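Asks: Following this message is one structure expressed as structure tokens.
Every number here is computed from the coordinates shown, using simple stated rules; none is lab data. Note that the coordinates shown come from a computational prediction; the quantities given were computed from them, not determined experimentally. Using ideal geometry, Cβ is built from the backbone for each residue, glycine included, and neighbour counts are taken over all protein chains shown.
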Amino acid sequence: MKRCSKFTKLQGLAIKFLELMSFRKCVIYSDIPENAEAADGVGIPFRNKDVDDLAEKMRFALGNPELCKELGKKARERVKKEYNWDNIVSQTEEVYYSMFR
């Protein structure tokens, strides 16, 4: 089973990042602003482009399975609340409609 996913440093917030959160996965993420905003405390950040920090955070996660399980649960709740497609569509429609009023 694949347990890790990598994201490019050139990409902003990846949909895969939100998908992993929605599957109750503990995300270890590059601390770029887009990821930090999405995770908002429910994952483990590492310094962007710092492989030593990434390795340290991976070791930390492996040594703390209960914390990772809890972070995964919180990640799912965050995605359900903040990144719900029905809500996003409604908000986007409201912006468009407000332009024509």
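Asks: What FRET efficiency, computed as 1/(1 + (r/R0)^6) with R0 = 35 Å and r the Cβ-Cβ distance, is obtained for residue 99 and residue 31, rounded to the nearest 0.05?
Replies: After rounding, the FRET efficiency stands at 0.50.
Asks: Here's something else I'd like to know. Which whole-Hz couplings ³J(HN,Hα) result when phi for each residue of the range 47-61 is put into the Karplus expression 6.51 cos²θ - 1.76 cosθ + 1.60, θ = phi - 60°, listed in order with x for Gly and Pro?
Replies: Karplus values, whole Hz, x for Gly and Pro: 5, 3, 6, 10, 5, 5, 5, 4, 4, 4, 5, 5, 4, 4, 4.
Asks: Right, next: Need the full-extension length gain, residue 53 to residue 23, defined as separation in residues times 0.36 nm minus the C-alpha distance. One decimal, nm.
Replies: Length gained, residue 53 through residue 23: 8.3 nm.
Asks: Could I ask something else about it? For the chain, what number of Lys pairs, 8 or more residues apart or on separate chains, have alpha-carbon atoms under 14 Å from each other?
Replies: 13
Asks: Taking the Cα atoms of the range 15-99, report the difference between the largest and smallest coordinate on each principal axis, in whole Å and largest first.
Replies: Between the extreme Cα coordinates on each principal axis of the range 15-99 lie 49, 26, 17 Å.
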